[in-house]
Amino acid sequence: MSRPRTPLLRPDSYFERHDGSPPFAHAAAAVAVVTLVTAGGLAVFLGEFAAALDVPITVDNPAYPGDAFCEDSVLDDTPSGCGEPKEVQRSLGALVAEELSWLPPAAVVLVPVFWLVQGGTLHAASALADGEGSFADTLAVAGWGMTPSLARLLAVGALVIHRLRTAALPEEPESAVSALQSAIGGVEVIGLLAAAVVAVWAGVIRTYGLADARDLSVGTAAWIVGALTAIGLLFELF
C-alpha cells in the first residue's frame, strides 16, 4: 500500500511516517490553498450577490458637491460638479458588494492569522498535558487541520450560488431583499451541519498529528482536540 502524501484520509499513517515532524512547507502550502480559495470564494459570492440583487435604488450622487456649495454658496465661482444630478440610480446588489469588497483581501490576512492562533492554542494546551516537541510541528498539524474547511466552503458556497442564480426577485428593493432572504433560507442550518462534519474530520487529523508531534497518547490528544473543537462549534452557534 502506498504511503499517504497528505493526512486528509489516513492521518495516523501520514504522521507516523514522518515521526511526529510533518514537513512544515507542505502544511504551509495547504494553508496557502485554503487562504486563496477562501478569498476567491468570497469574491465570487459578492459578484453573484450583486448580479442576483440587480434592483435599482435612488441614492445621493457622490459627484454632486451638495446644496451648501451649489445653491447657498457664498463663493463667486460655482464649484465643479454642481451641474450633476443630485440623485442617481444604482444597483442595490452592487452597492452592497462595494461595501463588503474588503472581505476577500481581509481573508488573505485573517486565514494565516487564524492558523497561527490555532497552532498556538494547540501548542499551549498540549504543553499543559506535558507535551514535547517544536512549535513548527504543532503549526504544521494545525495547518493540515484547516484543510477540511475547504469542503464546507465549496459545498455551502455552491448551494448559495445556485439559489442566488435561480431566485426570482421583484423590482421593489424591500420586496427583493425579502425574497432573496427566503431563497437562501435554510442554508445556515446546512452550514452548521457541514461545520459539524468538518469539525470531526479536522479533529481526527489534529488528534493523530498532535499525538505524534507532541509525544502524547492518542487518547490525551483526542481530549485536547475535542475540547477545543467543542469551543469552536459553540462560537459557530453564537
Task: Residues of the chain: accessible area per residue with a 1.4 Å probe, Å² - done: 57
TODO: Enter the accessible area of Ile190 (Å², nearest 10), with the probe set to 1.4 Å and all protein chains included.
DONE: 70
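Mind pulling up the Rg/Rh value for the chain? Radius of gyration and Kirkwood radius, both on Cα.
Values: Rg = 24.7 Å, Rh = 21.0 Å.
In the chain, Rg relative to Rh is 1.18.
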Task: Contour excess over end-to-end distance, with Cα ends at Val109 and Ala151 and 0.36 nm allotted per residue - done: 13.1 nm
- [ ] Could you look at segment 1-139 and say what percent of its accessible area is carbon and sulfur, using a 1.4 Å probe and all protein chains?
- [x] 60
Open item on the list: If you roll a 1.4 angstrom probe over the protein chains with everything in place, what fraction of the accessible area of segment 144-226 belongs to carbon and sulfur, to the nearest %?
Closed with: 65
Open item on the list: If the only charges are +1 at each Lys and Arg Cβ and -1 at each Asp and Glu Cβ, what is the size of the charge dipole of the chain around the Cα centre, to the nearest 20 debye?
Closed with: 1640
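The values are calculated or read from the model by the stated rules, or taken from the named source; none is laboratory data. Computed from a prediction, not measured in an experiment: that's the story for all the values here. Neighbour counts are summed over all protein chains in view; Cβ atoms, including those assigned to glycine, are modelled from backbone coordinates with ideal geometry. Ligands, DNA and RNA are excluded from the accessible area calculation, which covers all protein heavy atoms including side chains. Shrake-Rupley method; radii C 1.70, N 1.55, O 1.52, S 1.80 Å.
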